[in-house]
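Here the structure comes first, spelled out in structure tokens, and everything after it is commentary.
None of the figures in this text is laboratory data; all of them are computed from the coordinates on show. Predicted model, so just to flag it, every value in this text is computed and none were measured.
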Amino acid sequence: MMKYYLILLISILLSCSDKQKEKPFSSPETEHLRSVDKSVQSTKVEEKKHIEAEIDTAYSIITQKQADINQDGKPDQITVYGTEWNKEIKPTDCRLFRVVVIVSNNKNKLITLTNDSIIRPYYPENVAAGFSDLKIKDNYFTIEQSNGGGGIIETGFTTFKYDKTKKGIYLHRYTTLTSEMSSGDEKEYKTELTTKNFGVIPFESFNVKTINSK
């Protein structure tokens, strides 16, 4: 009988030893880092969804692009939103636009910047395209739009830059190309404003209606 219990005890010990070998080693520190990484990623995704959900339901996405605007190795996002026409369009109706930039900072937080005054309202009598494109290169991005009426078409290029020193987005350049049709002749004018003309304008403070008065 004693021999039987001894064999049984050895079998149990060998079984426990095999289970320990099958389980890969993972230190408490490693498990903690994995947990933190998953938590950060999940939080950022949920935070971005929450930000997008807060946009007025009257607006819908026209274009959305991702790029590393602040050059920190993490993707940022620029979205152009626009309202829709009413079912019966009146001359006083217009489409409104909103530009939202979501950038990450060094604390794994998302910073949201919003501007409703970069793109001009689009009225029914506008003979041009209105908002036309969003272009991004490195830490620069440009909002393109074209508006026209009364024989004049103005195409605007509003370029913003992420400033690494100031850790923010500022107006870099504002360029307009104006085409004027008069008596069958077409004349073109180009105007280009830089920081020498308008100084320091944060992204949120830019207004396309007042930039030429600065």
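List of remarks:
- For Ala128, the residues whose amide H sits under 5 Å from its own are Gly148, ignoring neighbours fewer than 5 places away on the same chain, with H placed 1.01 Å from N.
- Cα gyration tensor of the range 63-205 - equivalent ellipsoid semi-axes, whole Å, descending: 31, 20, 11
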